[in-house]
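Presented below is the structure to which this report refers.
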Amino acid sequence: EVYNPNGKYRVVSTKPMPGTRWINLLVDQGCRVEICHLKKTILSVEDIIDLIGNKCDGVIGQLTEDWGETLFSALSKAGGKAFSNMAVGYNNVDVEAANKYGIAVGNTPGVLTETTAELAASLSLAAARRIVEADGFMRAGLYEGWLPHLFVGNLLKGQTVGVIGAGRIGSAYARMMFVTAYGQFLKANGEQPVTWKRASSMEEVLREADLISLHPVLDKTTYHLVNKERLAMMKKEAILVNCSRGPVIDEVALVDHLRENPMFRVGLDVFEEEPFMKPGLADMKNAIVVPHIASASKWTREGMATLAALNVLGRIKGYPILSDPNR
Ligand code: DGY
């Protein structure tokens, strides 16, 4: 799909992206916009080299693509100046390689903060109240009438919420859960709001929290941050939510932990080797799994596409990249 075929600058998007604002702004600024419609969810390095071709000023890519030395070298040979991930996370991008070829890298923070935090909050509540399990039970025609012990879950009010990775998204999640779990608006009833506490170590959070949400960046220091030993530190009835990156949790250890601790529950948006789940995870009744949809609201996805386009456009026009993850 090509817009403005005679445009001066060639910008390629490796996937169709939501909305038209991002296309219009590139076209208005003299770009020829090419959108790849290959019927493949994940493009290979070779697919992307073909898309880059001989002349390409900038590329908007996706978190499923491996943006390393090979692609940045190909983009630089084609005269490229800019690459933007349509994601806030950029663990799929070798920024050093990009810098080596003089290509600026952008990401899309901000527009997905609340959307992602809302999914983490939804998973927290759904896990606490066993909503997915209960839904499956209804659909299977198993409901025979109200029972005192039917799908008894956890009450979040009054519980300790732990956030690991208190950046933009982690902090937004914490604000939402402050209302939910601590009931600060119940002050009128004489209850005092609970104040924030900065834990002295991650282990302290793991040991003390009833509900833990993970929001760190994935890098060498956070790979398998939640491993067998750390899972064992958590309360037997704790809830763990992950809307960051799958490899932050050792998923094999998690499956064992879920099997051995039926009251421990997880809500997962991301997986160690997407699109796959480690064997056994899909059979766990104490796990809620959704397909990496934390930023999937219309407003956010259009915002991400627009921000990615602005990143690439700005750099083509000679400005520093708008949203540079290095800064
Ligand atoms: C991101 O932006 O990094 C999310 O994982 C997808 O929105």
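The values are calculated or read from the model by the stated rules, or taken from the named source; none is laboratory data. Since the model is a prediction, treat every value here as computed from it, not as a measurement. Glycine also receives a Cβ, built like all others from the backbone with ideal geometry; neighbour counts cover every protein chain displayed.
Looking only at segment 91-106, count every residue that is surrounded by fewer than 23 Cβ atoms within 10 Å (Cβ to Cβ) and assigned to a loop (DSSP other than H, G, I, E, B) and tell me the total.
Qualifying residue count for the region: 5.
Looking only at segment 78-89, decide whether some residue is in contact (Cβ under 8 Å) with a residue 60 or more places away in the chain, away from the ligand (no atom under 16 Å from the Cβ) and closer than 30 Å to Val205 by Cβ.
No: zero hits.
Could you check segment 136-167 and list, in sequence order, the residues that are closer than 19 Å to Lys285 by Cα and small (Gly, Ala, Ser)?
Result: Gly136, Ala140, Gly141, Gly153.
Of everything in segment 90-119, what is touching a residue at least 40 places away in the same chain (Cβ under 8 Å) and more than 13 Å from the ligand (Cβ to nearest atom)? Give them in sequence order.
Across segment 90-119, the qualifying residues are Val95, Ala104, Val105.
Inspect all residues belonging to segment 161-181 and state whether any of them is at pLDDT 95 or above, outside any helix (DSSP H, G or I), within 18 Å of the chain's Cα centre (by Cα) and surrounded by 17 or more Cβ atoms within 10 Å (Cβ to Cβ).
no
For segment 286-303, which positions are at negative phi and either crowded, with 17+ Cβ neighbours inside 10 Å or among the aromatic types (Phe, Trp, Tyr) (or both)? Before the answer, list the steps.
Filtering segment 286-303 down to residues at negative phi leaves 286-291, 293-303.
Result: Asn286, Ala287, Ile288, Val290, Ala294, Ser295, Ser297, Trp299, Thr300, Arg301, Glu302, Gly303.
Taking only segment 281-306 into account, find how many residues are part of a helix (DSSP H, G or I), within 13 Å of the ligand (Cβ to nearest atom) and either within 20 Å of Arg10 (Cβ to Cβ) or touching a helix residue (DSSP H, G or I) at 6+ places or on another chain (Cβ under 7 Å) (or both).
Looking only at that region, the number is 3.
Just a yes or no: is a residue in segment 303-310 over 27 Å from Leu268 (Cα atoms), at pLDDT 95 or above and hydrophobic (A, V, I, L, M, F, W, C)?
yes
Of Lys278, Lys235, which residue is in a loop (DSSP other than H, G, I, E, B), modelled with pLDDT of 95 or more and under 22 Å from Asn154 (Cα atoms)? Walk me through how you get there before you give the answer.
Working: Lys278 fails: under 22 Å from Asn154 (Cα atoms).
Lys235 is the lone residue from the list that is in a loop (DSSP other than H, G, I, E, B), modelled with pLDDT of 95 or more and under 22 Å from Asn154 (Cα atoms).
In contact with a Ser or Thr (Cβ under 7 Å, 6 or more places away or on another chain) and at pLDDT below 95: is that true of Ser323 in this structure?
Against the criterion (in contact with a Ser or Thr (Cβ under 7 Å, 6 or more places away or on another chain) and at pLDDT below 95), Ser323 qualifies.
Sort through Gly58, Gly30 and tell me the only one that's of a type in the set (Gly, Ala, Ser), under 25 Å from Pro109 (Cβ atoms) and more than 16 Å from the ligand (Cβ to nearest atom).
That would be Gly58, the only listed residue that is of a type in the set (Gly, Ala, Ser), under 25 Å from Pro109 (Cβ atoms) and more than 16 Å from the ligand (Cβ to nearest atom).
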